[in-house]
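Since the structure comes first, as structure tokens, the remarks are kept for the end.
The values are calculated or read from the model by the stated rules, or taken from the named source; none is laboratory data. Keep in mind the model is a prediction, meaning the values are calculated, not measured. Note: ideal-geometry Cβ built from the backbone for every residue, glycine included; neighbour counts use all protein chains shown.
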Amino acid sequence: MDNKYETIIGLEVHVQLDTDSKIFCSCSTEFGREPNTNTCPICLGLPGSLPVLNKKAVDYLLMTGLALNCEIASYSKFDRKNYFYPDLPKAYQISQYDLPLAKNGHINVKTKEGEHRIGITRIHLEEDAGKLIHEGSIDSSSGSLVDYNRTGVPLAEIVSEPDIRTPEQAREYLKHLKKTLEYLKVSDCNMEEGSLRCDANISLRPYGQKEFGTKVELKNMNSFKAIEKALEYEQKRQRKFIESNKDIIQETRTWDENKNITISMRGKEEANDYRYFPEPDLVPIEIDQESESKIKDNLPELPNKRKNRFINKYNIPEYDAEVLTDTRELADFFEDCVLEYNDPKEVSNWVMGEFLRLINEEKMSISDTKINGKLLADMLKLIEKGTISTKIAKTVFAEIFYTGKSPKDIVEEKGLKQISDQDKLEEIVKDIIADNPDVIEDIKNGKDRAIGFLVGQVMKETKGKANPQMVNKMFKEKIKQI
């Protein structure tokens, strides 16, 4: 921020684990169902109901912990976190307090200031709360409705150390975390559906001071961009308070996206306000070394490792490798194509260019497209053979993307085959030379780039089907003879 004050940021990330059923009952976790249809006596907390732990949720949390360089606890337990809120039907949440499943991990992030290591204090397992739906304005008497479908969905809470010093570092930490979780396939990390939610704690202190300043918690930020903007605003707000000798209140604030400001919500609770005590209806969790090793051995190749492998194995630039490994799906698609067409840089150009352009334009996921690695490879082989030009290939590629048809069939059906007929091209070249005497004179006077204009005229005449290499060569030979 500046040389006077140091910013201290810690992040708490809640991740919905992508299990088919809830953490303590067999109700579905499917998003978008009619309100209160994914419920039962257990997740509604009705008297006499007892929770049964979902093993897959534990496995997913252990995978997350190991991927984030954490120590796995051999002994862990659940606790009751007591508080009353309308979307919490039991008036307590089953969570973990003093003995989490994973702790002492870290993430390395890169920003314009260099590489920075951010510690992870703990990762623990807990159940999600429901969702309040407010009708009308806050001041109206319309009231609120509650949907308990989300109640009991398994959550991994990932708590960072207060090692983050800038909003940019916070954003990069979250991006790396999201990418890792998606590679593990433990969560879809859909922020719009609430699968990944983040709270931030931020305080300022003068440089050289060891004690932390008064921290403020920020909630209800629905994108990484919003988190970064909220932290930037809070930096400025807290600095003004400090320099005006005003006390900063320890509180929870929310981000107002329309006004681009933070607004006070309530005073910040401390751990003792929740009256934690061990959950009596669940036995402790014991993880032996064999179970931990088995999960570790079955982890997928993670983003950074895969990026480095792409650079070394395929000899592509670091930038390409960074883009191609942004998601596991994209990295898989790239490698599927390289298996069929052994020119990694050419494949990379098409995947990063036309493929991602169409994906972004159509707002589609890779799984929604009709193209696969073999179809792209088949199209690249047609370019290599001279069957189609690179320009025509873009048309062919779009057709494959939307229909999944064979490139060869598309070329035949649409008559897109490249014109490489010597006599036919010579006639067109002669006509273009005759129609552009000024351009020919420029070329003869040393302006070689003007040949590109002439080639463009031929491509226009042939609707992009002419072989550009042949045409270029013809122009050079013909002009020499003039």
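General remarks:
- Within region 286-307, being surrounded by 12 or more Cβ atoms within 10 Å (Cβ to Cβ), part of a loop (DSSP other than H, G, I, E, B) and among the charged types (D, E, K, R) holds for one residue alone: Glu301.
- Residue match in region 68-84 (condition: in contact (Cβ under 8 Å) with a residue 12 or more places away in the chain, among the aliphatic types (A, V, I, L, M) and farther than 30 Å from Gln169 by Cβ): no
- Taken over region 449-473, the residue count meeting the criterion of being more than 42 Å from the chain's Cα centre (by Cα) and among the small types (Gly, Ala, Ser) is 1.
- From Lys447, Lys463, residue being within 19 Å of Thr387 (Cβ to Cβ) and not in a helix (DSSP H, G or I): Lys463
- Val283 free of Cβ contacts under 8 Å to residues at least 40 places away in the same chain and either outside any loop (DSSP other than H, G, I, E, B) or under 27 Å from Leu231 (Cα atoms) (or both): no
- So Ile400, is it in a loop (DSSP other than H, G, I, E, B) and within 18 Å of Glu354 (Cβ to Cβ): no
- Taking the criterion of being surrounded by fewer than 16 Cβ atoms within 10 Å (Cβ to Cβ) and in a strand (DSSP E or B), the only residue of region 77-90 that qualifies is Asn82.
- Under the condition of being over 29 Å from the mean Cα position of the chain (by Cα) and buried (at least 18 other Cβ atoms within 10 Å of the Cβ), the residues counted in region 52-76 number 1.
- Residue within region 28-48 that is assigned to a strand (DSSP E or B) and surrounded by fewer than 22 Cβ atoms within 10 Å (Cβ to Cβ) present: yes
- Selected residue (only one of Glu461, Glu441, Glu477, Glu427 is of a type in the set (Asp, Glu), modelled with pLDDT under 80 and surrounded by 14 or more Cβ atoms within 10 Å (Cβ to Cβ)): Glu461
- Here is the figure for region 173-204: residues that are at negative phi and out of contact with any helix residue (DSSP H, G or I) (no Cβ under 9 Å at 6 or more places or on another chain) total 9.
- Matching residues in region 170-180 - criterion: being under 18 Å from Ile366 (Cβ atoms) and in contact with an Asp or Glu (Cβ under 9 Å, 6 or more places away or on another chain): Lys179
- Search result, residues across region 91-103 that are in a strand (DSSP E or B) and closer than 12 Å to His124 by Cα: Ile94, Ser95, Ala102, Lys103
- Residue ID - surrounded by the fewest Cβ atoms within 10 Å (Cβ to Cβ), chosen from residues in region 2-25 that are hydroxyl-bearing (Ser, Thr, Tyr) and farther than 21 Å from Ser95 by Cβ: Tyr5
- Residue count for region 381-397 satisfying the condition of being assigned to a helix (DSSP H, G or I), of a type outside the set (Lys, Arg) and surrounded by fewer than 20 Cβ atoms within 10 Å (Cβ to Cβ): 4.
- Residue list for region 192-232, restricted to those being part of a loop (DSSP other than H, G, I, E, B) and surrounded by 18 or more Cβ atoms within 10 Å (Cβ to Cβ): Ser195, Gly213, Lys215
- Selected residue (criterion: surrounded by the fewest Cβ atoms within 10 Å (Cβ to Cβ)) from residues of region 270-280 that are assigned to a loop (DSSP other than H, G, I, E, B) and either acidic (Asp, Glu) or at pLDDT below 95 (or both): Glu270
- With respect to (1) farther than 30 Å from Lys345 by Cβ; (2) touching a helix residue (DSSP H, G or I) at 6+ places or on another chain (Cβ under 7 Å); (3) not β-branched (Val, Ile, Thr); (4) not in a strand (DSSP E or B), the lone exception for Phe310 is condition (1).
- Scope region 349-365; condition out of contact with any helix residue (DSSP H, G or I) (no Cβ under 9 Å at 6 or more places or on another chain) and outside any helix (DSSP H, G or I); matching residues: Lys363
- Residue match in region 177-185 (condition: in contact (Cβ under 8 Å) with a residue 24 or more places away in the chain, over 15 Å from the mean Cα position of the chain (by Cα), within 28 Å of Thr19 (Cβ to Cβ) and surrounded by fewer than 19 Cβ atoms within 10 Å (Cβ to Cβ)): no
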